[in-house]
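Chemist: Sharing a structure here in structure tokens format.
The values are calculated or read from the model by the stated rules, or taken from the named source; none is laboratory data. The model shown is predicted, which means the values in this text are computed figures rather than measured ones. Here the Cβ positions follow ideal geometry from the backbone for every residue, glycine too, while neighbour counts run over all protein chains shown. We work out accessible area using only protein heavy atoms, side chains counted, and drop any ligands, DNA or RNA first. Shrake-Rupley method; radii C 1.70, N 1.55, O 1.52, S 1.80 Å.
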Amino acid sequence: MLEETFEQLFEASFKTIHTGEVVEGTVIDVKPDEVIINIGYKSDGILTRSEYTNEPNVDLTTVVKVGDKMEVKILKVNDGEGQVILTYKRLAADRGNKRIEEAFNNKEVLTAKVAEVLAGGLCVVVDEVRIFIPASLVSDVYEKDLSKYAGEEIQFVVTEYNPRRRRYIGDRKQLISAEKEEKQKELFGRIKEGDTVEGTVKNVTDFGAFIDLGGADGLLHISEMSWGRVENPKKVFKVGDTVKAFIKEISGTKIALSLKFDDANPWKDAAVKYAVGNEVTGKVARMTDFGAFVELATGIDALLHVSQISKDHIEKPSDVLKVGDEVTAKVVDFNEADKKISLSVKALFAPEPVEEPVEEVQEDDDADVVSVDIEAVIANQAEEDAE
């Protein structure tokens, strides 16, 4: 009777616990895959890694230490071996559900780290509640590869809350769109045509480059990249480059940019440098069947027609010239309005003197008579010698 009383007293010294009950305990041991917690019961509680968090492969020794106080939920009072099985993540999820519900109702912006990148979107965890953000709601532009978001902190709003089906959907796209709209409004409120702006190259195409101005993109067309000739924008710019340009035109939300600043206009003093009669030197920039275009300066090409390449007749320019050749010629035509200059190599040479035709001497009648008499004398003399 005394032993039973002692056992009863011993049992009574421990609190009673029930499945589903929330209790507080003290961590007494930590292993990489489980935590041992004293919950004031006759058996210590076991908290496994899978019941601590939804994040895979977490080393519990890095997140929990001996002496920590923890609130946990009783999952099983006896697992068959006398052990008490605890859960932390389910308790956190219960509280997280309430947190997510409040965020959903209040349209609150949440911040969380991307826990997993899936084929169809991203998964984030807020207070042990997994929220799925579909690929279509990750950004305001299509992104084929979402791997860059792994481990990154992102902001989003909860657009669907269904705890029964454990369905929680997040949306990042609307935040990005709203932010861009605000930046665009601010940008267009302070810029005007003619302003010099600075931006970052966002994309490069065959016809130009799109420059992010912080609120809107500006198009720098290939024809506005230089006073000279640009063959391929991709050889001039790359994504991430910083560009300073001026606004050539604003049409609605479209911005046209240019790098052809007036102070660098090569035609500014061209009328003096390339006046008709001036001798100039340049390099052959490109060839055609009818002539060669000679670059006199960046942005200024002059035509050297096939008929003006040489004193001698040539069939086509490539017979005597190639791209890169240096050519010296004379300006024979200058049209500033149409920005056209014509050159001539032939004009460098002084024209050869033209021989005047020799006039035939017209002999008079007496000269003819004299001439005939002499011939007659010679003939008579010959006959006499023969006799």
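Chemist: Rank these by accessible area, largest first, 1.4 Å probe: 217, 263.
Modeler: From most accessible down to least: 263, 217.
Chemist: With the cut-off at 1.5 for a/c, could you classify the stretch 96-236 from its C-alpha gyration tensor as rounded, prolate or oblate? Intermediate values should be presented prior to the final figure.
Modeler: Numbers: a/c = 4.02, a/b = 2.18, b/c = 1.84.
Since a/c reaches 1.5 and a/b is larger than b/c, the shape of the stretch 96-236 is classed as prolate.
Chemist: By the scheme Lys and Arg +1, Asp and Glu -1, what is the net charge of all other residues having a beta-carbon under 10 Å from that of residue 25?
Modeler: Residues close to residue 25 contribute a combined charge of -3.
Chemist: Residue 278 to residue 123: extension gain in nm, 0.36 nm per residue of separation minus the Cα-Cα distance?
Modeler: Values: separation 155, 0.36 × 155 = 55.80 nm, distance 7.24 nm.
Going from the current span to full extension adds 48.6 nm.
Chemist: Say the cut-off is 22 Å between C-alpha atoms; which of 107/148; 234/283; 268/311; 113/148 go over it?
Modeler: Pairs exceeding 22 Å: 107/148; 234/283; 268/311.
Chemist: Continuing with the same structure: Could you tell me which GluC sites (Glu not before Pro) in the stretch 142-186 are loop residues by DSSP with no more than 16 other beta carbons within 10 angstrom of their beta carbon?
Modeler: Values: sites: 143, 152, 153, 160, 179, 181, 182, 186; in loops: 143, 152.
Of the GluC sites (Glu not before Pro), the ones in loops of the stretch 142-186 whose Cβ has at most 16 other Cβ atoms within 10 Å are 143, 152.
Chemist: Kindly express, to the nearest 10 degrees and within the range 0 to 90, the angle between helix 89-106's C-alpha long axis and the longest C-alpha principal axis of the chain.
Modeler: Relative to the chain, helix 89-106 is tipped by roughly 60 degrees.
Chemist: Return the Rg/Rh ratio of the stretch 176-270 with Cα-based radii and a Kirkwood Rh.
Modeler: With Rg and the Kirkwood Rh in hand, the quotient comes to 1.00.
Chemist: Keeping every protein chain in place, order 202, 311 by accessible area at 1.4 Å, biggest value first, i.e. largest first. Working shown, then result.
Modeler: Details: 202 100, 311 125 Å².
Putting 202, 311 in descending order of accessible area: 311, 202.
Chemist: With a probe of 1.4 Å, find how much accessible area the chain has per residue, and write the answer as a whole number in Å².
Modeler: Numbers: 24840 Å² over 387 residues.
For the chain, the per-residue accessible area is 64 Å².
Chemist: Which value, in Å² and to the nearest 10, is the accessible area of residue 349 when all protein chains are kept and the probe is 1.4 Å?
Modeler: It works out to around 100 Å².
Chemist: Compute the helix-to-body angle for 173-188: its Cα long axis versus the longest principal axis of the chain, expressed 0 to 90° and rounded to tens.
Modeler: Taking the Cα atoms of the chain, the angle to 173-188 is about 50 degrees.
Chemist: Is the C-alpha gyration tensor of the stretch 56-130 telling us rounded, prolate or oblate? Criteria: a/c under 1.5 is rounded; beyond that, a/b larger than b/c is prolate, otherwise oblate. Spell out each step's value before the answer.
Modeler: On the way: a/c = 2.07, a/b = 1.67, b/c = 1.24.
Prolate.
Chemist: Can you work out ³J(HN,Hα) from phi for every residue in the stretch 38-45, in order, using Karplus 6.51 cos²θ - 1.76 cosθ + 1.60 and θ = phi - 60°, giving whole Hz and x for Gly and Pro?
Modeler: 7, 10, x, 9, 5, 10, 6, x
Chemist: Could you compute how much accessible surface residue 306 exposes when probed at 1.4 Å, giving the result in Å² to the nearest 10?
Modeler: Approximately 30 Å² of residue 306 is accessible to the 1.4 Å probe.
Chemist: Okay, next question. Run the 1.4 Å probe and let me know the accessible area of residue 338, rounded to the nearest 10 Å².
Modeler: 100
Chemist: Where in the stretch 85-124 does the label zone of residue 179 land, with the point 7 angstrom along Cα→C-beta and an amide N cut-off under 15 Å?
Modeler: Of the residues in the stretch 85-124, 109-114 have backbone N under 15 Å from the label point off residue 179.
Chemist: Under a 1.4 angstrom probe, counting protein chains only, how are 69, 234 ranked by accessible area, largest first?
Modeler: Working: 69 140, 234 115 Å².
In descending accessible area the options line up as 69, 234.
Chemist: Compute the angle between helix 365-386 and the longest alpha-carbon principal axis of the chain, please, reported from 0 to 90 degrees and rounded to the nearest 10.
Modeler: 70
Chemist: Let me ask something else. State, to one decimal in nm, how far the label point of residue 190 lies from the label point of residue 66, with both points 7 Å from Cα in the Cβ direction.
Modeler: Inter-label distance under the simple model: 5.8 nm.
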